[in-house]
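Q: This is the structure I want to talk about, given as structure tokens.
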Amino acid sequence: MSKSAPSPTTSRIGRRFDKLKKEGRAGLITFVTAGDPDLKTSTEILAGLAAAGADLIELGVPFSDPMADGPAIQAGSQRALKAGMTLKKTLTLVAEFRREDGETPVVLMGYYNPIYVYGVDRFVADAGKSGVDGLIVVDLPPEEVDELWHPARAAGIDFIFLAAPTSDDRRLPKIVARATGFIYYVAITGITGTRSAAVADVKKAVQRIRKHTRLPIGVGFGIRTTEQAAEIAAVADAAVVGSALVDIVAGGLDDKGRPKPGLAGRVLDRVAALAEGVRRARAKVA
């Protein structure tokens, strides 16, 4: 088991998972794209996620070539970029969220190119000031992460890595050695939002990852329904839902791509339903 990662209690993410453990339940991690479909609606959605039941928030940084994402999140990125969203505006969005919510962890999920263009040192400094708690940089494997990992960790920002069904017992130690906050287990091979994994397979994978790390394990990719979220929450430390929420955004636009009235509320209603499933999951298996 890797001992190199700092104690999870040193960060807001760690404190949230500690709280969930004391409550005897898993968490709900929700993914939404910053600026999708526009800044006003995105701000409204982000502001309501915690009250709706999100325990941690993944905020996608719009990027023109999101290679790990399926059609739904790719389209969300395109809508956000068309609406003028940038990495700088994403950090401002987090800072505004932090003025009202000092407890809910926020993890930026995206790709290295926007960070590289922004400037690593400048990005880490601005992310820390904004209240960002963690980073998931999809296209930076552990072997290539030093340029961003060291300054991020020095600033107290957690670095979350992805593990997949193809991550065997030789690969996992390399992943968890650099990971802090939690491990994000990608339950399927492929892109987001396309299919779902069998819960029995997820359970086996989570048990295998636990042999290598003490960090919490969140499971995502393919979780769309309340029932699926509950099933994952029964075997993992958190269920991650993204494409299902982004689909609601896409379905709530008029023929000119503008949000229809009540769009943010519909997203938050789905979050509330997912949270209910996650919260009852452990009770069902007890």
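The values are calculated or read from the model by the stated rules, or taken from the named source; none is laboratory data. Note that the coordinates shown come from a computational prediction; the quantities given were computed from them, not determined experimentally. Don't worry about glycine lacking a Cβ; one is built from the backbone with ideal geometry, like all the others, and counts go over all protein chains shown.
Q: Which ones in the stretch 53-65 are in a loop (DSSP other than H, G, I, E, B) and within 15 Å of the chain's Cα centre (by Cα)?
A: Looking only at the stretch 53-65, we keep the residues that are in a loop (DSSP other than H, G, I, E, B), and these are 53-55, 61-65.
Result: 53, 54, 55, 61, 62.
Q: Continuing with this model, one more query. Output the residues belonging to the stretch 35-52 that are in contact with a strand residue (DSSP E or B) (Cβ under 6 Å, 6 or more places away or on another chain) and either among the small types (Gly, Ala, Ser) or in a helix (DSSP H, G or I) (or both).
A: Within the stretch 35-52, the subset in contact with a strand residue (DSSP E or B) (Cβ under 6 Å, 6 or more places away or on another chain) is 37, 41, 45, 49.
Those that are in contact with a strand residue (DSSP E or B) (Cβ under 6 Å, 6 or more places away or on another chain) and either among the small types (Gly, Ala, Ser) or in a helix (DSSP H, G or I) (or both): 41, 45, 49.
Q: Here's a check for you: in the stretch 23-34, which residue that is touching a strand residue (DSSP E or B) at 6+ places or on another chain (Cβ under 8 Å) and not in a loop (DSSP other than H, G, I, E, B) is surrounded by the most Cβ atoms within 10 Å (Cβ to Cβ)? Write out each step before concluding.
A: From the stretch 23-34, those touching a strand residue (DSSP E or B) at 6+ places or on another chain (Cβ under 8 Å) are 26-34; that's our starting set.
Adding the requirement that they be not in a loop (DSSP other than H, G, I, E, B) leaves 27-33.
Values: 27: 27, 28: 30, 29: 26, 30: 28, 31: 25, 32: 26, 33: 34.
By that ranking, first place goes to 33.
Q: Which count do you get for residues in the stretch 131-163 that are over 22 Å from residue 73 (Cβ atoms) and either among the small types (Gly, Ala, Ser) or touching a His at 6+ places or on another chain (Cβ under 7 Å) (or both)?
A: The qualifying residues number 5.
Q: Taking into account only those residues within the stretch 264-282 that are hydrophobic (A, V, I, L, M, F, W, C) and in contact with a strand residue (DSSP E or B) (Cβ under 9 Å, 6 or more places away or on another chain), which is modelled with the lowest pLDDT? Before the answer, list the steps.
A: Within the stretch 264-282, the first condition is being hydrophobic (A, V, I, L, M, F, W, C), and the residues that meet it are 264, 267-268, 271-275, 278, 281.
Imposing the further condition that a residue be in contact with a strand residue (DSSP E or B) (Cβ under 9 Å, 6 or more places away or on another chain) reduces the set to 267, 271, 274-275, 278, 281.
Values: 267: 98, 271: 98, 274: 97, 275: 97, 278: 96, 281: 87.
Applying the filter and picking the extreme gives 281.
Q: All but one of (1) farther than 24 Å from residue 93 by Cα; (2) assigned to a loop (DSSP other than H, G, I, E, B); (3) not aromatic (Phe, Trp, Tyr) hold for residue 201; which doesn't?
A: The number of the failed condition is (2).
Q: Separate question: Is one or more of the residues making up the stretch 106-119 surrounded by fewer than 18 Cβ atoms within 10 Å (Cβ to Cβ) and either touching a Cys at 6+ places or on another chain (Cβ under 7 Å) or over 17 Å from residue 62 (Cβ atoms) (or both)?
A: Yes; the residues of the stretch 106-119 include at least one that is surrounded by fewer than 18 Cβ atoms within 10 Å (Cβ to Cβ) and either touching a Cys at 6+ places or on another chain (Cβ under 7 Å) or over 17 Å from residue 62 (Cβ atoms) (or both).
Q: State whether one or more residues within the stretch 9-21 are closer than 19 Å to residue 251 by Cβ, in contact with a strand residue (DSSP E or B) (Cβ under 7 Å, 6 or more places away or on another chain) and modelled with pLDDT of 95 or more.
A: Within the stretch 9-21, none of the residues are closer than 19 Å to residue 251 by Cβ, in contact with a strand residue (DSSP E or B) (Cβ under 7 Å, 6 or more places away or on another chain) and modelled with pLDDT of 95 or more.
Q: Report whether or not residue 74 is in a helix (DSSP H, G or I), buried (at least 19 other Cβ atoms within 10 Å of the Cβ) and free of Cβ contacts under 8 Å to residues at least 24 places away in the same chain.
A: On the way: in a helix (DSSP H, G or I): yes; buried (at least 19 other Cβ atoms within 10 Å of the Cβ): yes; free of Cβ contacts under 8 Å to residues at least 24 places away in the same chain: yes.
Judged against the criteria, residue 74 is a match.
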